[in-house]
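The values are calculated or read from the model by the stated rules, or taken from the named source; none is laboratory data. Please read all numbers here as calculations on a predicted model, not as lab measurements. Glycine also receives a Cβ, built like all others from the backbone with ideal geometry; neighbour counts cover every protein chain displayed.
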Amino acid sequence: MHRHLKTTIVCSILVALVFPAQAFAAEPPVELLWPAGAPDAKGDTPGDKPTLTIYLPEKDKATGAAVVICPGGGYGHLAMDHEGHQIAQWLNSFGVAGVILTYRHRGSGAGYGYPAPLQDAQRAIRTVRSRAAEWGIKPDRIGILGFSAGGHLASTAETHFDDKVYDASDAIDSVSARPDFAVLVYPVVSMAEPYTHSGSVQNLLGRNPSQEMLDKMSGEKQVTAQTPPTFLIATWEDTAVPAENSIYFYLALRKAKVPAEMHIFAKGPHGFGLGAKIPGTNVWPSLCAKWMDVMGLLKTE
């Protein structure tokens with residue numbers, strides 16, 4: 001059997017075992033993020049056209065909360081399976097809508113750096129908020145979740161939500177881009193050595209970014225009292241994106257008196273997604289769900 005086919009079959013079986021109800025559900029709808037064309041688009045290929053993949057929970061289980069999901073990939077590709085579809089299915093399992101954002105990056109289309117990913121993240125939050133009534137979502141329970149470089153994008157979205165990075169094109173763009181909460185999983189946060197991820201920096205900002213841009217895109221330097229509540233996880237074993245990224249962001253949230261929770265686990269290499277096979281670290285999804293509950297995001301009344 002072809003190796004890639006075998007891998008696909010194994011992954012499908014694992015998803016079916018973990019999320020049996022979702023595994024055989026209809027394919028989730030995929031919509032263009034910018035129906036009239038993305039700002040600063042460089043071409044007309046699929047890589048120039050960001051999308052939203054919409055996973056809505058069963059109506060009798062829905063809590064009204066929703067999360068925009070930003071897969072990682074070093075701003076050079078997107079890890080859509082274990083940091084996208086599996087995450088949306090996990091969110092659905094406890095009544096939260098999961099909306100996967102395929103944002104533009106250096107490896108898509110003709111190649112995109114800043115501000116394209118932030119343009120897409122702001123637009124995604126605005127789109128979900130503008131469709132709240134249609135999708136059974138409460139407009140004040142819309143969060144953003146990101147892994148690795150997607151975690152950097154999520155941290156940027158929660159600290160730069162008022163930045164005007166594109167011109168409004170329709171009614172959606174008049175809606176607030178501020179997420180109500182954020183979840184950062186082994187995130188890139190800082191653009192500064194020695195704790196940053198150099199590949200993400202280069203893909204986002206180019207080979208020789210100015211110190212001004214490095215500071216602007218270092219989330220720990222951009223936290224204010226208006227930054228939304230945040231849940232962070234990292235591991236001691238992660239050498240690709242060290243836990244200091246999460247630690248310094250958490251300390252900045254503390255200083256700004258923004259509610260936050262952080263877990264640094266002993267085990268787990270970078271990029272483990274839900275971490276189902278990593279003892280200890282595999283509790284992070286349940287801890288995150290409990291945090292969302294404690295923050296009042298899962299109330300159904």
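The rows are residues; the columns are (1) part of a helix (DSSP H, G or I); (2) at pLDDT 95 or above; (3) over 18 Å from TYR75 (Cα atoms).
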residue	(1), (2), (3)
HIS105	no, yes, no
TYR112	no, yes, no
LEU118	yes, yes, no
ALA121	yes, yes, no
ALA124	yes, yes, no
THR127	yes, yes, yes
ILE137	no, yes, yes
ASP140	no, yes, yes
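Number of residues in the stretch 150-186 that are more than 9 Å from the chain's Cα centre (by Cα) and farther than 22 Å from ASP293 by Cα: the value is 21. For the stretch 236-257, the set of residues classified as in contact with a strand residue (DSSP E or B) (Cβ under 8 Å, 6 or more places away or on another chain), farther than 18 Å from GLY74 by Cα and not in a helix (DSSP H, G or I) consists of TRP236 only. Residue pairs whose Cβ atoms lie under 7 Å apart, separated by 6 or more positions or on different chains, with the first residue in the stretch 267-284 and outside any loop (DSSP other than H, G, I, E, B) and the second among the basic types (Lys, Arg), are THR281/LYS267. Quickly run through the stretch 198-215 and pick out the residues that are touching a helix residue (DSSP H, G or I) at 6+ places or on another chain (Cβ under 9 Å) and part of a helix (DSSP H, G or I). Result: GLY199, SER200, VAL201, ASN203, LEU204, LEU205, MET213, LEU214, ASP215.
For the stretch 285-301, the set of residues classified as assigned to a loop (DSSP other than H, G, I, E, B) and surrounded by 13 or more Cβ atoms within 10 Å (Cβ to Cβ) consists of MET295, LEU297, LEU298, listed by residue number.
For beta carbons closer than 6 Å, sequence separation of 6+ or different chains, a first residue in the stretch 219-235 that is polar (S, T, N, Q) and a second that is assigned to a loop (DSSP other than H, G, I, E, B), the qualifying pairs are THR224/ALA256; THR227/VAL258; THR235/GLY268.
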